Amino acid sequence: MPDSKMDETKKKKKKTAECCGYPISIFFIVVNEFCERFSYYGMRAVLVLYFRYFLLWDDDLATSIYHAFVALCYLTPILGAIIADSWLGKFKTIIYLSIVYAVGQVIMAVSTIHDITDINRDGTPDNFTFHIALSMLGLVLIALGTGGIKPCVAAFGGDQFQEHQSKQLNTFFSVFYLCINAGSLLSTLITPVLRAQQCGIHTQQQCYPLAFGVPAALMVVSLVVFIAGSGMYTKTAPEGNIMGSVCKCIWFALTNRFRHRSDVYPKREHWMDWAEERYDKLLIAQIKMVLKVLFLYIPLPMFWTLFDQKGSRWTLQATTMTGDFGGFVLQPDQMQTVNPILILTLVPIMDRIIFPLIKKCGLNFSPLKRMTVGMLFAATAFVAAALVQMEIDKTLPNFPSSSESQLKVVNMNSESLIVTLSSQEPLLIGSFESSPDYITFDQQNISVAFNTTPVTSKDLSLIKGSRQTLFIPSNLGEMYLKEDIKSKPKEGKNAVRFVNGWNAYLNITNLESSLQPAETSNYTLVSQGTRKFTLTDGNQLCEFSRKFGFGSSYTFLIPSNLFSTDCESIKEIEDMQPNSVHMALQIPQYFLITTGEVMFSVTGLQFSYSQAPKNMKSVLQAGWLCTNAVGNIIVLIVAELGKLPKQWAEYVLFASLLVAVSIIFSIMAYFYTYIDPAEIEAQILKEQEIDTDDKKKKTKETLEMEEKDNKQEIKQTKI
């Protein structure tokens, strides 16, 4: 009966519909993978900016939560593999966890709708706890989903092929990898553009709901496509998880060794040999090979510590730079697209040109040496990032410390004024002009005096740790302080405000309310590019336009002759200069980190698989993913506990740590001996056969001896 059932299964497999030599079911799996990767990388591309500018977390907290999420995404594949192999099977695991994944994406998209809790309709959520709780729930579900299906989809695709389709199987894995990079590339290009749009029911804000909603929709499409091919799939039953057997064997070896720790018991060649009492020699030998590779994995998390920061620290770095490339404008989170573009370019160049060329030169560029060089490339990338950060720091304003105050003076008079601030040198400020820069004070209380007859003076109380502007209208007695922004405008936008020097109320487009005479508006954020403002007093109007860069701040002074000059008399004061360091300077660090990724990651997986038995691939895959998770946890710890005063110093710290780790790894690699797992397995099987033959021979000899003795006894009895 079992044989007939197997024959039936084979017949059914042969009847699987094919197209161009491939099972039709494969096309559903490939489309599913593309949509899922688009969903994951699209959401991840804008995640750190959502933390920073929607939830208003600082850079360190945004970085920490981002890396905690990524770490969880690389830990859950172990859970997914166990569920698939031991309980549900690959098909059901993909279905159920994809549903969890899609629900998580939808919850994440809903958490970004600011209008849900924006009761006063000012564009900012009034209940951040609600949005944080929803987003954290969404991220946990996404991590469970994306991590859980990660080890199943590629393997399930491989299950669809029959023995005569080995060529098509190899092509499938190439196309599968291409879909991953294509999904990553397109999503990191598209979702930042969607984020940069304006949307909202009551107030127009950055369109995070659209940026997260499109990935959520793609995940739903991914699930629907996968289910649509259900009737065509070859579904294999759970075969049992090898990781469980490995863990049990290791645990028994450790406990058995501990029980026999006394010197009375003879030592064994390897501590795993203490499992021989219960487990097969072949399994023990296979575990020894895996442990040898896993030992080499110990220093590897440091590489991922640096690599995954391209989605956090490097994206935040890009927000302080200019992305104007002339013909197009690049969003800060779009710089991540450089990585998949370079991956698609460098992998074939390395495999077909660089590595063969090194081999022809007679150099022994072994896999472990490649991995060491890859780590050094990543360290160099962070040195490059530190140099870029130093250039950025040169252009950043000198903001006050918590014990200091800064003040700028703006003269709205029709005549020049000489202004004396406490013990400072007198300042000559022209009509509708300002003091050259902010003046820093250590004391909170200062006095201001003017060269009028009689002399006019006033005592002022400044805010510590803040920037303020003193506006001096025509009537000196009505002078007033206005608080300025004390950090770069968020998301590379520009902060603008207007001071009304006109003799009546003014309405200005993009401002929350009308301005009364001598009043200063609050800051309004505008995006890069040419922006137009229409000014009207109800009877007259004129249009004022200006081209903005990234990250600047301006105060526009409206004179009393506004409409007679058709808005051309409006004067601007630059409170904060625009970003001047170009995003193109990040390309070298992306090139170096991607080169490191090709040498380290691709080579590392190839090496690991070549050094482990066939049935232990999943164990190594779990170990490899764990190194990635640990790397992200290291970033989380450094971001929360490091608190270095300068960002470039943190980059140098990470680069130094990776150089130190790469030296340790190179020493470990030097003493590593390459093995052929298949040869070792064959040798053990042969030894087991010989042992079995010897046992049979001994048993036979014993039986013959016993038979001979019995005959002798019978003979003696007869005598």
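The values are calculated or read from the model by the stated rules, or taken from the named source; none is laboratory data. Quantities reported herein were computed from a predicted structural model and do not represent experimental measurements. Because the Cβ atoms are built from the backbone with ideal geometry, glycine has one as well, and the counts that use them run over all protein chains shown. Side chains are part of the model used for accessible areas, which takes the heavy atoms of the whole protein and leaves out ligands, DNA and RNA. Shrake-Rupley method; radii C 1.70, N 1.55, O 1.52, S 1.80 Å.
Quick notes on this one:
- Counting only helices (runs of 4 or more DSSP H) that sit completely within segment 265-323, those holding 3 or more residues that are under 30 Å from K493 (Cα atoms) correspond to 301-307, 313-318.
- Segment 374-397, residues that are surrounded by fewer than 17 Cβ atoms within 10 Å (Cβ to Cβ) and either assigned to a helix (DSSP H, G or I) or without any contact (Cβ under 8 Å) to a residue 24 or more places away in the chain (or both): L387, M390, E391, D393, K394, T395
- Residue match in segment 114-137 (condition: open to solvent by less than 10 Å² (accessible area, probe 1.4 Å), more than 24 Å from C20 (Cβ to Cβ), in a helix (DSSP H, G or I) and without any contact (Cβ under 8 Å) to a residue 40 or more places away in the chain): no
- From the options V30, V48, residue that is under 18 Å from F176 (Cα atoms), at pLDDT 90 or above and in a helix (DSSP H, G or I): V30
- Within segment 470-481, considering residues that are open to solvent by 50 Å² or more (accessible area, probe 1.4 Å) and either modelled with pLDDT of 90 or more or among the hydroxyl-bearing types (S, T, Y) (or both), the one farthest from the chain's Cα centre (by Cα): S474
- Residue list for segment 638-655, restricted to those being in contact with a helix residue (DSSP H, G or I) (Cβ under 8 Å, 6 or more places away or on another chain) and not aliphatic (A, V, I, L, M): E640, G642, K643, K646, Q647, W648, E650, Y651, F654
- Strands (runs of 3 or more DSSP E) fully within segment 506-558 that include at least 2 residues being open to solvent by less than 30 Å² (accessible area, probe 1.4 Å) and in contact with a Phe, Trp or Tyr (Cβ under 8 Å, 6 or more places away or on another chain): 529-536, 541-548, 553-558.
- Segment 665-684: number of residues that are surrounded by 13 or more Cβ atoms within 10 Å (Cβ to Cβ) and either in a helix (DSSP H, G or I) or within 29 Å of the chain's Cα centre (by Cα) (or both): 8
- Evaluation of G89 against (1) open to solvent by less than 10 Å² (accessible area, probe 1.4 Å); (2) in contact with a Leu (Cβ under 7 Å, 6 or more places away or on another chain) (one fails), failing number: (2)
- Which listed residue, of L357, L363, is outside any helix (DSSP H, G or I), of a type in the set (A, V, I, L, M) and without any contact (Cβ under 8 Å) to a residue 60 or more places away in the chain: L363
- Screening segment 582-628 for residues that are open to solvent by less than 30 Å² (accessible area, probe 1.4 Å) and hydroxyl-bearing (S, T, Y) and picking the one that is nearest to L282 (Cα to Cα) gives S608.
- Of all the residues in segment 485-505, those that are buried (at least 18 other Cβ atoms within 10 Å of the Cβ), closer than 20 Å to V581 by Cα and either out of contact with any helix residue (DSSP H, G or I) (no Cβ under 8 Å at 6 or more places or on another chain) or among the charged types (D, E, K, R) (or both) number 6.
- The residues of segment 445-469 that are assigned to a loop (DSSP other than H, G, I, E, B), among the polar types (S, T, N, Q) and open to solvent by 80 Å² or more (accessible area, probe 1.4 Å), listed by number, are N451, T453.
- Hits in segment 167-224 (condition: farther than 29 Å from T509 by Cβ, open to solvent by 30 Å² or more (accessible area, probe 1.4 Å) and touching a Leu at 6+ places or on another chain (Cβ under 7 Å)): V214
- Lone unmet requirement of (1) buried (at least 21 other Cβ atoms within 10 Å of the Cβ); (2) at pLDDT 95 or above for V652: (1)
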